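Q: The structure under discussion is supplied below as structure tokens; questions concerning it will follow.
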Amino acid sequence: MSKGFFNVPKAVNEPVKSYAPGTPEREQVLAAYKKMWNETVDVPLYIGKEEIRTGNTRNLTAPHDHQHVVGTYHLAEKEHVEKAIATALEARKKWANTAWESRAAIFLKAAELIAGPYRAKINAATMIAQSKTIHQAEIDAACELTDFLRFNVEYMTQIYNEQPISDSSVWNRVEHRPLEGFVYAITPFNFTAIAANLPSSAAMMGNVVVWKPSDSQIFSAKIIIDIFKEAGVPDGVINVVYGDPVMVTDTLLASPDFAGIHFTGSTHVFKDLWAKVGANIHNYKTYPRIVGETGGKDFILAHPSANVKQVVTGIVRGAFEFQGQKCSAASRVYIPQSLWPAVKEQLTNDVQSIKMGSPEDLSNFFTAVIHEGSFNKLVSYIEQAKQDSDAEIILGGGYDKSKGWFVEPTVILTTNPKYKTMETELFGPVVTIYIYEDEKWTETLELVDATSEYALTGAIFSQDRYAIEEATTALQNAAGNFYINDKPTGAVVGNQPFGGARASGTNDKAGSILNLLRWVSPRTIKETFIVPEDYRYPFLG
Ligand code: NAD
């Protein structure tokens, strides 16, 4: 039992290192990259204290060099998933009753391990597994992940501190119990930080977890597991399985002890998960929490008053950093006719200057897309645009899969504001531009609002305050993260809580108190000091 009201260290954002030539961090990350590139790792399932090697393995490769094997991982069978459930529930007996300060200490230690001794390693693993440039790896694996852990610890204490009123005769208390069962965390390939945050945020609040990482992120997920172990996450609190996602999911959702899903990934997968939970609802001991952050079709809208250089920089960074594989990446752009000649000229100069290749060459701004499925999908949309009369590829459009899954940064110009690449999430380095007539600004706001099923991020560029106000109101439901004169990517924990609405997710804002509240079930305790001993009220005479 606690014997004090403890304060946690004030959460601060981890500073982003530059990796400029001559800096020690540059040497360290390149050395870590080289070492990991020239070794192979064999990644088991982690169930309780066991590392299980099923022998049914798949290779781990790098998207920018798909024939280069950096390791293997073992696929789970149904029995392993069932074992993960049983192990998690056994671990729950202790973990759910562990003092909050112990849970806080574990995850604060994990944050320090990432920011310090593991920084080069987790960044290098993210460069290899997900083909991130060092800057993209640093803002994700090192900084965002550290921030998630530090800020969530602080938010946890805010939740515990929030208490109801009492008077001298009655003391009211609220405790925030972990969910009664286990949480299923399903994570995407694109952020090492999200992969770690989905299981750890639930675990921090006292829950036990079965975590299924994306097959395309296992190489960097392995480093997360090593860090959590070293930080002291007890065996069985976070169990890790890989394998056929449908089998894993169906097995977990069949358990009466299933208590919640923490998902980030594509919209159609999330909708399927929701339907499966609904179909099983009569089997569960508790109503499960369903938290999912999903797809986006994120916009940049320039007003005629916008600064052209700022707009173009927003497009290039927003659409092409990490090859457009951020849920927040700009993929549909609206430019007024009056600005288009200048925008086109600068955009052409900028896009043509982008250097593409391996992330190990730090002069590259751009690398490969994640896997063959993504490559093929992008190629099909590019080829279709070459055929369509209402679309024209004005920049890029090339691709090459001989060594890695490389698709050039591509700009499509369309005359049809509902053209398919204005509506559909492609999740790659393809941005589509529609030119509107300057006097149709208000109609364009309606168009932006109504074009896509998603509502994740969006940005407007304008020097005119009235136009900014009008857009902020007109687009209030079109994005969960709305940017004024900035690119729509790069949300920072504690600064811009992140999540979208409509088909983009449940908007529980990762890296905020709102998210952590989904992983607890409050119990109110009323303790009466002067206890009535006669049922008759005074009014009865
Ligand atoms: P994905 O949906 O293909 O995979 C996500 C996870 O779901 C993986 O672990 C995968 O193995 C699993 N999965 C796949 N099919 C499944 C099934 N039928 N049943 C159960 N699980 C299944 O997504 P991805 O390609 O890894 O990531 C890209 C997607 O994630 C994009 O749509 C992007 O917009 C979205 N995303 C959203 C956010 C956000 O905060 N809104 C953040 C990152 C990524």
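The values are calculated or read from the model by the stated rules, or taken from the named source; none is laboratory data. Just so it is clear, the structure is predicted and the values come from calculations on it, not from any experiment. All Cβ positions, glycine included, derive from the backbone under ideal geometry; neighbour counts span all protein chains shown. Just so you know, the surface numbers come from the protein's heavy atoms only, side chains and all, with ligands and any DNA or RNA stripped out. Shrake-Rupley method; radii C 1.70, N 1.55, O 1.52, S 1.80 Å.
Q: Any idea how far the Cα center of the stretch 348-366 sits from the one of the stretch 508-539, in Å?
A: Result: 56 Å between the Cα centres.
Q: Using θ = phi - 60° and the Karplus curve 6.51 cos²θ - 1.76 cosθ + 1.60, what whole-Hz ³J(HN,Hα) does each residue of the stretch 379-387 get, with Gly and Pro shown as x?
A: After applying 6.51 cos²θ - 1.76 cosθ + 1.60, I find 4, 5, 5, 5, 5, 4, 4, 5, 8 Hz.
Q: Let me ask something additional. Need the full-extension length gain, His282 to His371, defined as separation in residues times 0.36 nm minus the C-alpha distance. One decimal, nm.
A: Gain in length upon complete extension: 28.2 nm.
Q: If you line up the long axis of helix 308-320 against the longest principal axis of the chain, both from Cα atoms, how many degrees apart are they, to the nearest 10?
A: 60
Q: For the stretch 477-525, which whole-number percentage of the solvent-accessible area (1.4 Å probe, protein heavy atoms only) is attributable to carbon and sulfur atoms?
A: Carbon and sulfur atoms account for 50 percent of the accessible area of the stretch 477-525.
Q: Turning to a different aspect of this structure: Taking the Cα centre of the stretch 298-484 as origin, sum charge times position over the Cβ atoms of Lys and Arg (+1) and Asp and Glu (-1), and report the length of that vector in debye to the nearest 20. Each step should come with its number before you reach the end.
A: Working: 14 positive and 25 negative charges, 97 e Å.
In total the dipole reaches around 460 debye.
Q: Next question, about the same structure. Could you tell me how many degrees, from 0 to 90 and to the nearest 10, lie between the Cα long axis of helix 78-95 and the main elongation axis, the longest principal axis, of the Cα atoms of the chain?
A: With both axes taken from Cα atoms, the answer is about 50 degrees.
Q: What figure in square angstrom, to the nearest 10, would you give for the accessible area of Arg523 with a 1.4 Å probe?
A: Number for this one is 110 Å².
Q: Just in the stretch 452-541: which chymotrypsin sites (Phe, Trp or Tyr not before Pro) are loop by DSSP and have at most 15 other Cβ atoms within 10 Å?
A: Phe529, Tyr535
Q: Same structure again: Please compute the contact order of the stretch 386-444 in relative form: average sequence separation of alpha-carbon pairs under 8 Å and at least six residues apart, divided by the residue count, as a percent.
A: After rounding, I find 29 percent.
Q: Now for a separate question. Just to make sure I understand: if all protein chains stay in place, what is the order of Cys143, Cys327 by accessible area at 1.4 Å, largest first?
A: Cys327, Cys143
Q: What number comes out for accessible area per residue over the stretch 141-297 if the probe is 1.4 Å? Units Å², please. Numbers along the way, then the final one.
A: Numbers: 4970 Å² over 157 residues.
The answer is 32 Å² per residue.
Q: Once both labels are modelled 7 Å past Cα along the beta-carbon direction, what's the Glu175-Glu392 spacing in nm?
A: The two pseudo-label positions are separated by 6.9 nm.
Q: Evaluate the distance, in nm, between pseudo-label points positioned 7 Å from the Cα of Thr57 and of Glu39 along their respective Cα→Cβ axes.
A: Going from the Thr57 label point to the Glu39 one covers 1.5 nm.
Q: Find out how many positive minus negative residues lie around Leu113, taking Lys and Arg as positive, Asp and Glu as negative, among other residues whose Cβ is under 11 Å from that of Leu113. Mind dumping the intermediate values first?
A: Values: positive: Lys109, Arg119, Lys121, Lys229; negative: Glu112, Asp226, Glu230.
Neighbourhood net charge equals +1.
Q: Something else: With the crude spin-label approximation of a point 7 Å out along Cα→Cβ, what separation in nm comes out for Gln67 versus Val16?
A: Label-label distance for Gln67 and Val16, simple model: 3.6 nm.
Q: Need the C-alpha centroid separation for the stretch 173-250 versus the stretch 305-322, integer Å.
A: 35
Q: Carbon-plus-sulfur fraction of the accessible area of the stretch 94-194, 1.4 Å probe, in percent?
A: The value for the stretch 94-194 is 55 percent carbon and sulfur by accessible area.
Q: So what are the ³J(HN,Hα) numbers for the stretch 48-59, from phi and the Karplus equation (6.51, -1.76, 1.60; θ = phi - 60°), rounded to whole Hz, Gly and Pro as x?
A: Result, ordered by residue: x, 8, 7, 10, 9, 10, 7, x, 8, 10, 10, 7 Hz.
Q: Along the charge dipole of the chain, Cβ charges K/R +1 and D/E -1, which of Trp37, Val431, His268 sits furthest on the positive end?
A: Of the candidates, Trp37 comes out farthest on the positive side.
Q: Oh, and also: Choose one of Phe406, Ile223, Phe320: the residue whose Cα lies farthest towards the positive end of the charge dipole of the chain (beta-carbon charges +1 Lys, Arg; -1 Asp, Glu; about the Cα centre).
A: Ile223
Q: Please name whichever of Leu447, Leu339, Gly206 sits farthest to the positive end of the charge dipole of the chain, dipole taken about the Cα centre and charges placed at Cβ: Lys and Arg +1, Asp and Glu -1.
A: Gly206
Q: Given the whole protein assembly as supplied and a 1.4 Å probe, what does the accessible area of Met36 come to in Å², nearest 10?
A: Solvent-accessible area, nearest 10 Å²: 20 Å².
Q: Given an 8 Å cut-off on Cα distances and at least 6 residues of separation, report the relative contact order of the stretch 28-101 as a percent. Write out the running numbers ahead of the final one.
A: Numbers: 74 pairs, mean separation 20.5, N = 74.
Value for the stretch 28-101: 28 percent.
Q: Provide Leu475, Leu540 ordered by accessible surface of protein heavy atoms (probe 1.4 Å), highest first. Don't jump to the answer; show the numbers that get you there.
A: On the way: Leu475 5, Leu540 105 Å².
Sorted by accessible area, descending: Leu540, Leu475.
Q: Let me ask something else. Name the residues whose placed amide hydrogens come within less than 5 Å of the amide hydrogen of Val174, ignoring near sequence neighbours (fewer than 5 apart) on the same chain.
A: Long-range HN contacts for Val174: Ile525.
Q: What do you get for the angle between helix 24-37 and the principal long axis of the chain? Use alpha-carbon atoms, 0 to 90 degrees, nearest ten.
A: Taking the Cα atoms of the chain, the angle to 24-37 is about 90 degrees.
Q: Another question, then. Per residue of the stretch 140-148, in order, report the coupling 6.51 cos²θ - 1.76 cosθ + 1.60 (Karplus, θ = phi - 60°) as ³J(HN,Hα) in whole Hz, putting x for Gly and Pro.
A: 8, 5, 7, 7, 5, 5, 4, 4, 3
Q: Suppose every Lys and Arg Cβ carries +1 and every Asp and Glu Cβ carries -1, with no other charges. What dipole size does the chain come out with about its Cα centre, to the nearest 20 debye?
A: Value, rounded to 20: 1160 debye.
Q: What is the stretch 208-257's relative contact order, in percent, from Cα pairs under 8 angstrom and six or more apart in sequence?
A: Details: 25 pairs, mean separation 27.0, N = 50.
In percent, rounded to a whole number, it is 54.
Q: Follow-up question, since we're still on this one. Any chance you could check the Cα centroid distance between the stretch 369-392 and the stretch 20-74 for me, in angstrom?
A: After rounding, the separation between the Cα centres reads 30 Å.
Q: Considering only the other residues whose Cβ falls under 11 Å of the Cβ of Gly480, what net charge follows from Lys and Arg at +1 and Asp and Glu at -1?
A: -1
Q: In terms of modelled amide H atoms, which long-range or inter-chain residues lie less than 5 Å from the amide H of Asn485?
A: Ile460, Phe461, Ser462
Q: Moving to a separate point now. Using 1/(1 + (r/R0)^6) with R0 = 56 angstrom and r between the beta carbons of Ala275 and Phe529, what's the FRET efficiency to the nearest 0.05?
A: My answer for the efficiency is 0.65.
Q: Label point 7 Å out from Lys229 along Cα-to-Cβ: which residues of the stretch 30-69 have amide N under 14 Å?
A: 41-53
Q: Val41's amide H: which non-local residues (gap 5+, or another chain) put their own amide H closer than 5 Å, with H modeled 1.01 Å from N in plane and none for Pro or chain starts?
A: Gly71, Thr72
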